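Read through the structure below, which is laid out as structure tokens, and then see the notes.
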């Protein structure tokens with residue numbers, strides 16, 4: 001059952017041995033193996049290899065070809081027989097004919113793609129099982145294709161995983177699928193068809209929640225696999241992994257982090273592995289023992305609360321996740337992962353990672369109090385009132401105090417901030433300046449009572465940051481002004497490096513999110529170095545989780561910090577940094593390793609993630 005908020009989970013873990021030099025290391029390897037085909041070479045010779053191939057989304061050739069090749073390898077004769085299950089489509093009766101027609105098209109597409117990769121002399125045959133409603137699933141005649149003795153593969157189409165399980169759970173159709181899986185038939189699926197392949201299943205968000213709320217306890221709808229009802233994944237679904245789909249594309253790191261924390265409570269401190277498969281990307285699960293053979297365009301994220309005995313609790317009425325020592329990996333080709341031992345092998349090599357070490361938020365050169373803002377959020381603005389209150393508190397004459405607002409992109413950005421500070425109680429003077437407009441270079445930031453450095457457009461800000469005068473002015477503000485607030489892209493520039501890549505738009509945000517996990521996407525430029533780390537604002541709103549990994553890849557000696565929109569890190573001079581407003585995530589790869597996948601995706605292991613809730617000190621102590 002779930003634990004009360006504000007308590008820490010109790011865990012039972014094996015003891016890690018210390019290396020001779022005193023540095024605790026753990027080898028993430030299974031000696032003698034590298035990533036191999038989907039047929040499951042580790043299965044006992046006396047039993048068929050049981051294989052699942054969850055794909056994060058789409059029907060791209062790379063993923064369908066991987067499935068076709070696996071089904072063909074299973075086939076003992078000249079015909080590769082594939083059954084297609086469209087249960088995630090549902091059965092809104094007026095649209096039933098349309099859904100059947102679409103499912104037939106997908107069946108033909110899957111068979112045709114299979115045909116393109118099978119050896120000469122073999123042919124692929126697709127058979128649609130019309131299982132769109134409960135009556136279909138309860139009618140054994142509709143499951144004939146799933147009981148075919150020559151069946152080699154089953155492909156579960158995308159749609160809505162909750163609808164799929166309402167159709168299939170405890171039905172003859174599900175029993176036929178279970179028998180097929182246990183006989184060695186390859187089970188694959190995309191999107192919702194991947195989600196149902198884990199026994200405990202993520203069934204979307206609750207109410208109006210989305211990626212922005214993913215790090216909150218009640219934001220995700222979880223169908224638990226151990227409570228005996230039909231709200232679960234498939235009967236034969238993985239017990240050792242919980243799959244999430246469209247993982248990078250839709251910013252779902254947060255919801256899986258919170259889901260695995262809840263699974264830790266649910267399963268008595270022995271949580272499954274979080275496995276995030278992205279669009280056009282999948283992985284092979286053999287016998288619920290190993291993950292291998294990553295296929296497609298991206299990588300697969302692994303979220304592990306067990307290896308380093310991660311702890312967590314929930315903070316506040318909104319149930320913000322607070323967690324420490326979460327081991328994460330980005331799985332590319334040539335990687336093999338043992339689900340029992342929680343160990344990883346890379347092309348036969350044996351990566352080693354160190355036990356997470358303590359740290360505090362990196363010291364900065366600010367003379368007063370620095371607020372590092374994560375950008376505008378969806379809810380109430382907590383950061384601006386805190387900044388104004390701090391300024392009034394250190395000013396001897398607030399009514400005559402002077403605030404400078406310096407925008408690195410547009411005049412409207414500065415004006416918006418000015419309106420906000422007035423609305424929360426600022427009664428002093430406000431001087432606004434915008435880079436490139438008349439008078440900007442005369443802004444006296446060093447002698448102001450408070451300074452706001454702001455920019456929402458990284459592309460526009462790049463011009464300002466290329467000007468030594470602007471850089472010097474921003475640095476002078478942080479070093480001399482009593483109180484400084486940075487917001488949006490300006491926050492990123494205070495770190496060691498920052499990305500000038502434009503923020504995503506409503507038309508391309510999913511594509512941008514996927515690309516952040518590719519090598520070189522960030523196009524790093526030197527930051528001001530006020531904070532010796534990588535700072536990533538708008539982490540949740542813009543789906544920029546990949547920038548955290550790119551940051552630690554650029555310099556593994558430094559940490560990366562992701563600030564959710566609406567949050568900030570309050571950094572007093574010479575004091576401990578603390579979170580306000582929302583969540584902050586850190587990534588620490590000082591004891592990890594990184595590599596580049598064949599498709600130019602970032603690979604990583606030993607990347608330790610911590611999640612900080614509002615009010616918490618930032619650091620691992």
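The values are calculated or read from the model by the stated rules, or taken from the named source; none is laboratory data. Note that this is a predicted model, so its numbers are computed, not measured. Positions of Cβ are generated from backbone atoms using ideal geometry, with glycine treated the same way; all protein chains shown enter the neighbour counts.
Taken over region 61-115, the criterion of being free of Cβ contacts under 8 Å to residues at least 12 places away in the same chain and either outside any helix (DSSP H, G or I) or under 33 Å from the mean Cα position of the chain (by Cα) (or both) is satisfied by 76, 92, 105. Only a single item in (1) under 18 Å from the mean Cα position of the chain (by Cα); (2) at pLDDT below 95 is not met by residue 539, and it is number (2). If you go through region 364-404 and keep only what is part of a helix (DSSP H, G or I), in contact with a helix residue (DSSP H, G or I) (Cβ under 6 Å, 6 or more places away or on another chain) and either in the same structural domain as residue 209 (by TED's automatic domain parsing) or surrounded by fewer than 20 Cβ atoms within 10 Å (Cβ to Cβ) (or both), you end up with 392, 398. Kindly indicate whether any position in region 418-437 is in contact (Cβ under 8 Å) with a residue 60 or more places away in the chain and either crowded, with 21+ Cβ neighbours inside 10 Å or touching a helix residue (DSSP H, G or I) at 6+ places or on another chain (Cβ under 8 Å) (or both). No. Quickly run through region 46-65 and pick out the residues that are buried (at least 24 other Cβ atoms within 10 Å of the Cβ) and either on the phi > 0 side of the Ramachandran plot or out of contact with any helix residue (DSSP H, G or I) (no Cβ under 7 Å at 6 or more places or on another chain) (or both). Listed by number, the residues that qualify are 52, 57, 63. Of the residues making up region 263-274, at least one is part of a strand (DSSP E or B) and either touching a residue at least 60 places away in the same chain (Cβ under 8 Å) or touching a strand residue (DSSP E or B) at 6+ places or on another chain (Cβ under 9 Å) (or both).
Test residue 293 against the stated conditions and say whether it is farther than 18 Å from residue 239 by Cβ, assigned to a loop (DSSP other than H, G, I, E, B) and either in contact with a strand residue (DSSP E or B) (Cβ under 8 Å, 6 or more places away or on another chain) or not assigned by TED's automatic domain parsing to the domain that holds residue 553 (or both). When the stated conditions are applied, residue 293 does not pass them. Checking each residue in region 588-621 for being surrounded by 21 or more Cβ atoms within 10 Å (Cβ to Cβ) and on the phi > 0 side of the Ramachandran plot picks out only 606. Screening region 95-122 for residues that are under 16 Å from residue 133 (Cβ atoms) and touching a strand residue (DSSP E or B) at 6+ places or on another chain (Cβ under 9 Å) and picking the one that is surrounded by the fewest Cβ atoms within 10 Å (Cβ to Cβ) gives 100.
Residues of region 441-450 include at least one that is within 20 Å of residue 364 (Cβ to Cβ) and in a strand (DSSP E or B).
Identify the residue in region 192-207 that is on the phi < 0 side of the Ramachandran plot and assigned to a strand (DSSP E or B) and, among all such residues, is surrounded by the fewest Cβ atoms within 10 Å (Cβ to Cβ). My answer is 205. Within region 495-505, the residues that satisfy the criterion of being under 15 Å from residue 457 (Cα atoms) and either touching a strand residue (DSSP E or B) at 6+ places or on another chain (Cβ under 7 Å) or surrounded by fewer than 17 Cβ atoms within 10 Å (Cβ to Cβ) (or both) are 498, 500, 502, 505. A search for C-beta distances below 9 Å between a residue of region 521-532 that is at positive phi and in the same structural domain as residue 490 (by TED's automatic domain parsing) and any residue that is assigned to a loop (DSSP other than H, G, I, E, B) and surrounded by fewer than 21 Cβ atoms within 10 Å (Cβ to Cβ), counting only pairs 6+ apart in sequence or on different chains, returns 523/500; 523/501; 529/365. Can you name every residue in region 495-548 that is in a helix (DSSP H, G or I) and closer than 30 Å to residue 367 by Cα? Matches in region 495-548: 547, 548.
When each of 317, 338, 333 is tested for being assigned by TED's automatic domain parsing to the domain that holds residue 279, without any contact (Cβ under 8 Å) to a residue 40 or more places away in the chain and out of contact with any helix residue (DSSP H, G or I) (no Cβ under 6 Å at 6 or more places or on another chain), the lone residue that passes is 317.
Residue-wise test of (1) more than 17 Å from residue 500 (Cβ to Cβ); (2) without any contact (Cβ under 8 Å) to a residue 60 or more places away in the chain; (3) in contact with a helix residue (DSSP H, G or I) (Cβ under 8 Å, 6 or more places away or on another chain).
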| residue | (1), (2), (3) |
| --- | --- |
| 534 | no, yes, yes |
| 558 | yes, no, yes |
| 567 | yes, no, yes |
| 578 | yes, yes, no |
| 587 | yes, no, yes |
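Just to be sure I understand, how many residues within region 554-575 are over 12 Å from residue 362 (Cα atoms), assigned to a strand (DSSP E or B) and within 21 Å of the chain's Cα centre (by Cα)? Here the count works out to 3.
Yes/no per residue for (1) part of a strand (DSSP E or B); (2) in the same structural domain as residue 88 (by TED's automatic domain parsing); (3) buried (at least 24 other Cβ atoms within 10 Å of the Cβ):
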{"residue": "179", "(1), (2), (3)": "no, yes, no"}
{"residue": "188", "(1), (2), (3)": "yes, yes, yes"}
{"residue": "209", "(1), (2), (3)": "no, no, no"}
{"residue": "222", "(1), (2), (3)": "yes, no, no"}
{"residue": "226", "(1), (2), (3)": "no, no, no"}
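Just one of the listed residues (483, 445, 424, 452) is within 22 Å of residue 391 (Cα to Cα) and out of contact with any strand residue (DSSP E or B) (no Cβ under 8 Å at 6 or more places or on another chain), and it is 424. Of everything in region 497-510 that is touching a residue at least 24 places away in the same chain (Cβ under 8 Å) and within 14 Å of residue 249 (Cα to Cα), the residue that is farthest from the chain's Cα centre (by Cα) is 504.
Across region 405-412, not a single residue is classified as within 30 Å of residue 557 (Cβ to Cβ), part of a helix (DSSP H, G or I) and either touching a helix residue (DSSP H, G or I) at 6+ places or on another chain (Cβ under 9 Å) or modelled with pLDDT under 95 (or both).
Candidates 276, 237, 228: the one that is under 30 Å from residue 173 (Cα atoms) and modelled with pLDDT under 95 is 228.
I need the full set of residues from region 296-311 which are in a loop (DSSP other than H, G, I, E, B) and in contact with a helix residue (DSSP H, G or I) (Cβ under 9 Å, 6 or more places away or on another chain), in order please.
297, 298, 305, 306, 310
Of 582, 551, all but one fail to be out of contact with any helix residue (DSSP H, G or I) (no Cβ under 8 Å at 6 or more places or on another chain), buried (at least 24 other Cβ atoms within 10 Å of the Cβ), modelled with pLDDT of 95 or more and not in a helix (DSSP H, G or I); the exception is 582. Looking across region 136-156, the residues that are closer than 17 Å to residue 180 by Cα, touching a residue at least 24 places away in the same chain (Cβ under 8 Å) and assigned to a loop (DSSP other than H, G, I, E, B) come down to 148, 150.
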